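Everything on this sheet refers to the single structure shown next.
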Amino acid sequence: MPILKPFKTFPELFEYLTEEYAKTTTRPLLAKKVNNVYTGISNKEVGEETQLFACGLPTLGFKRDDKLALISENRPEWVYTDLGTICIGGIDIPVYPSLTADSIEFILNNSEAKGVVVSNKFQLNKILKVRNNCRHLQFIIVLNEKDANKDIPGVYSFKEVQEAGRVYREKHPDFFEKEKKKADENHICTIIYTSGTTGEPKGVMLSHKNILSNVKAALEAFPINSEDIFLSFLPLCHIFERMAGYYAGFAAGSSLYFADSIDTVSQNLIEVKPTMLTTVPRLFEKMYTKIIKNVDSQPAAKRKIFYWGVETAKEYMYAKKQGKVSLALKTRYKLADKLVLSTIREKTGGKLRFFVSGGAPLSLELGEFFEAVGMHIREGYGLTETAPVIAINRVDDFKFGTVGKVLPGVEVKIGSDGEILCRSACVMLGYYKNNKETNEAIKDGWFHTGDIGHFDSEGFLVITDRKKHLFKTTAGKYIAPAHIENLFLASKYIDQFVLIGDKRTFLSALIVPDFEAVKEYADSNNIKYRTVQELIHSKDIYELFDKEMQQFQRKLANYEKVRKFTILDRPFTLETGEITPSLKVKRKVVEERYRNLIEEMYEGQEK
């Protein structure tokens with residue numbers, strides 16, 4: 001059971017972790033790599049590091065209600081900065097490290113950030129590039145000591161601020177405690193800027209109560225406890241990772257280990273052997289593709305055993321759900337587990353209890369595959385504006401193809417147009433300096449999510465699509481693109497997929513291939529090519545994708561089937577403005593950028 005107490009503010013949670021709970025636990029609160037070995041950081045150490053930083057901020061002119069931006073990859077200093085700022089009444093502004101200097105400039109100006117914390121020289125250079133345009137910015141703090149250029153006025157290292165904090169604490173020994181006690185659960189503690197798939201980012205104002213009420217509800221619905229170890233790799237600036245993997249974990253007394261980077265997750269899983277992982281469906285798509293790619297490279301006998309093992313596991317899974325497992329099936333399953341399933345699970349360290357998936361829809365096929373092999377994914381749903389979780393599949397009460405049942409203390413109803421509406425203590429205070437958008441989003445106490453969905457007969461919430469993304473063909477058929485796009489993303493040859501069809505006579509698609517998988521296919525089938533571009537546009541590869549399309553859309557209705565497609569020779573990226581930092585495709589940008597290719601697919605077809 002979680003050790004959760006009724007925390008109303010973050011100073012209360014901080015005090016409990018670093019004082020009361022610190023006396024009873026020997027497990028590290030945080031862990032990071034030191035000389036290539038994971039090294040723990042105790043609750044007391046986290047408390048001291050955080051307090052020193054918090055006490056250093058007043059020496060830079062930072063006071064209650066001031067804003068501090070934070071641009072860093074996941075690391076212990078992210079936690080010290082976040083908790084330290086909030087504990088003295090400041091408001092932190094987490095920013096994706098992947099954002100461009102121009103995007104960061106907008107956020108710093110819109111939020112009126114007085115200071116900014118950056119991780120390294122690369123991030124520092126972005127700030128220096130736009131510093132003169134940021135009206136409220138007074139100081140920059142650099143986490144990496146070697147990257148803090150002391151010759152630049154207003155630039156300090158993190159350690160330098162902590163040392164100033166040590167001196168300040170000696171002169172003002174009651175400062176930190178006094179500021180903690182002033183905390184109000186309804187006070188803004190963070191402003192998180194949404195990715196902005198349809199326009200300028202909006203600053204979501206969240207209070208202590210918004211987030212901690214969601215932490216409490218999540219822990220009532222999900223069995224996180226003090227024995228759990230989280231591996232953190234999703235950006236902490238995203239509210240899903242921040243609430244579920246960090247705050248909820250802390251409230252349950254769990255340990256938080258930081259992955260070296262997103263690219264090293266597979267290695268870190270084996271090193272850390274986590275019990276919990278918060279992630280997004282993209283990870284499972286990549287894992288599945290890698291597994292299938294490896295299997296397909298094996299001799300025919302091994303391939304046959306693998307697919308037999310998976311089918312046996314699925315049969316066992318369905319039978320178990322119905323309570324009808326025969327002795328023969330149980331025996332077959334044990335053999336399948338020994339020969340096939342256990343080897344897949346070992347890739348995650350062997351101790352993983354659950355994946356918690358959010359941020360985008362998880363395909364039914366992927367959910368069932370991983371559940372069958374014993375890697376349990378529990379999908380949830382929420383938004384930054386709801387701090388973030390609205391619903392989640394429970395450990396023993398789940399259904400793939402849905403986002404689970406609504407959390408305790410959260411009300412959900414479906415609007416007349418199918419939009420999901422939410423009312424709860426976790427709903428944001430509003431958008432910063434944007435009353436117009438706030439009033440459009442929250443009406444009569446109900447937050448309008450912009451998502452279309454419904455409850456099934458068992459009370460599970462099903463998300464159909466974004467309200468703004470629904471297509472209407474010229475035949476009058478409404479189509480939800482996300483569902484169809486997810487079907488095709490299960491193909492090992494497809495990396496990104498954008499459905500086209502609004503106000504069109506039929507559906508088409510832009511496809512970004514998995515370039516490595518396509519090259520392997522070409523090499524194994526003696527397809528000659530000089531460049532990747534030449535290969536992608538070859539007749540052989542078009543035929544390969546045509547077969548994939550036919551296979552994956554067999555169960556779709558005729559009006560949902562993709563009749564034409566174009567294979568692209570480069571991916572959609574953050575740098576080109578085609579995806580958001582949370583990897584969501586900016587549909588309008590993509591459609592505008594590839595307008596000519598799209599029109600070619602419909603040429604002579606829409607008269």
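So here's what we get for this one:
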| read-out | value |
| --- | --- |
| Amide H contacts of residue 464 (H built 1.01 Å from N, under 5 Å, at least 5 apart or other chain) | 452, 453, 454 |
| Inter-centroid distance (Cα atoms) of the stretch 1-55 relative to the stretch 256-279, Å | 19 Å |
| Per-residue [θ]222 nm for the chain (sum of -39500 (n - 2.57) over DSSP H runs n ≥ 4, rounded to 500) | -10500 deg cm²/dmol |
| Members of 273/338; 314/405; 405/564; 293/528; 67/584 lying beyond 31 Å, as alpha-carbon distances in this model show | 405/564 |
| DSSP bridge pairs, the chain: antiparallel proportion in percent, nearest 5 | 55 percent |
| Inter-part distance where the stretch 553-576 and the stretch 298-327 are each reduced to a Cα centre, Å | 31 Å |
| Environment charge of residue 265, counting only residues whose C-beta is closer than 11 Å and scoring Lys/Arg +1, Asp/Glu -1 | -1 |
| Residue 232 long-range amide H proximity, modeled H, under 5 Å | 257, 258, 259 |
| Under 17 Å from the Cα of residue 472 - lysines, other chains or at least 8 residues apart | 503, 561, 588 |
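The numbers here are math on the coordinates, done by the rules we state, and not lab data. Just so we're clear, the structure is a prediction, and the values are computed from it rather than from any experiment. Here the Cβ is made from the backbone with ideal geometry for all residues, glycine too, and neighbour counts use every protein chain on show.
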